[in-house]
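Participant: Take a look at this one; I'll ask things after.
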Amino acid sequence: MSCNNFICPFHELQASDYLSSDSEMKCLITDAVKQVRFAKGDILFAQGQRSDSLFSLSSGIVKIAHHTQDGREQIVGLSTPGKLLVGLQSINDDVYEYSAVAESETYACKIRHRALLRTAQKRGEVAMRLIDSINAQLAHSRSLMKVMGHKCAAAKIASFIQLIIPSSEHGHKRFTLPFSRGEIANLLGLSEETVCRQMAKMKRRGILYAPRGKIEILDWDQLQTVANEPCPG
């Protein structure tokens, strides 16, 4: 199957490789991939649903959430385009242990678990790319844990903003903010009032501009400084 999702781990060529404008490149997982689109709010899969596929995002952001028995939602992660594969944690499970919801318009390749594992057994290159994806997932989880480990609200929020905006996208550009302030507060263990207050402080310092539903980073260096700031004594 020809595909233009060059950042998918299983694309014949990777984004760092030279690509000519007329390249007709193929997916390494043949006959097991479907290109899909999700609108904001669409569910990729639900907690408890039979686990049979994973998703490689070409655009968009996906929220990973666990739902408790009393109906509360706990955001446990997020996925963006690249080596991260949505659903990778449940590749050997009968059911998904969490839900995945599109937080913006999202395009992805839907890959069947069994076909991927069969191909990985036969082709070492695919197995190595799967290992790279697992390592990327672990690194992303560590980054999220680092964000959560900050004691200061300002440092938590600044680190989280860095995490949800691609590092390659420096410069003045307005992004869709994929999480509401309430969701950010839920994820970071803060009150919504605290999130609003800290973001307002960063706005006054000229670090960011955040109209409703959007965010623009005006000073990346200052944002990094806030992310590294120690808590006041």
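The values are calculated or read from the model by the stated rules, or taken from the named source; none is laboratory data. Here the structure is a predicted model, which means the values were calculated and not measured. Here Cβ is always computed from backbone atoms with ideal geometry, including for glycine, and neighbour counts include all displayed protein chains. Only protein heavy atoms, including side chains, enter the accessible area calculation; ligands, DNA and RNA are left aside. Shrake-Rupley method; radii C 1.70, N 1.55, O 1.52, S 1.80 Å.
Participant: So between Q224 and R118, what do we pick up on full extension, going 0.36 nm a residue minus the alpha carbon distance?
Facilitator: 33.9 nm
Participant: So, in nm, how far is label H66 from label R197 when the simple model puts each one 7 Å beyond its Cα toward the Cβ?
Facilitator: Placing both labels 7 Å beyond Cα along the Cβ direction yields 3.0 nm.
Participant: With only alpha-carbon atoms in the gyration tensor, what are the semi-axes of the equivalent ellipsoid for the range 177-233, in Å, largest first?
Facilitator: In descending order, the three semi-axes are 18, 16, 10 Å.
Participant: If you don't mind, another one. Which net charge results for the neighbourhood of V195, defined as the other residues with beta-carbon distances under 13 angstrom from its beta-carbon, given Lys and Arg at +1 and Asp and Glu at -1?
Facilitator: Result for the neighbourhood of V195: +2.
Participant: Something else: Can you work out the accessible area per residue across the range 69-161, with the rest of the protein chains kept in place, probe 1.4 Å, in square angstrom?
Facilitator: 52 Å²
Participant: Using Cα-Cα distances under 8 Å and only pairs 6 or more residues apart, what relative contact order does the range 85-233 have, in percent?
Facilitator: Working: 117 pairs, mean separation 31.6, N = 149.
The value is 21 percent.
Participant: Summing +1 for each Lys or Arg and -1 for each Asp or Glu, what net charge is found among the other residues whose Cβ lies under 10 Å from the Cβ of S53?
Facilitator: Result for the local shell: +4.
Participant: Still on this structure, I have one more. Any chance you could check the Cα centroid distance between the range 171-231 and the range 116-151 for me, in angstrom?
Facilitator: Cα centres, the range 171-231 to the range 116-151: 28 Å.
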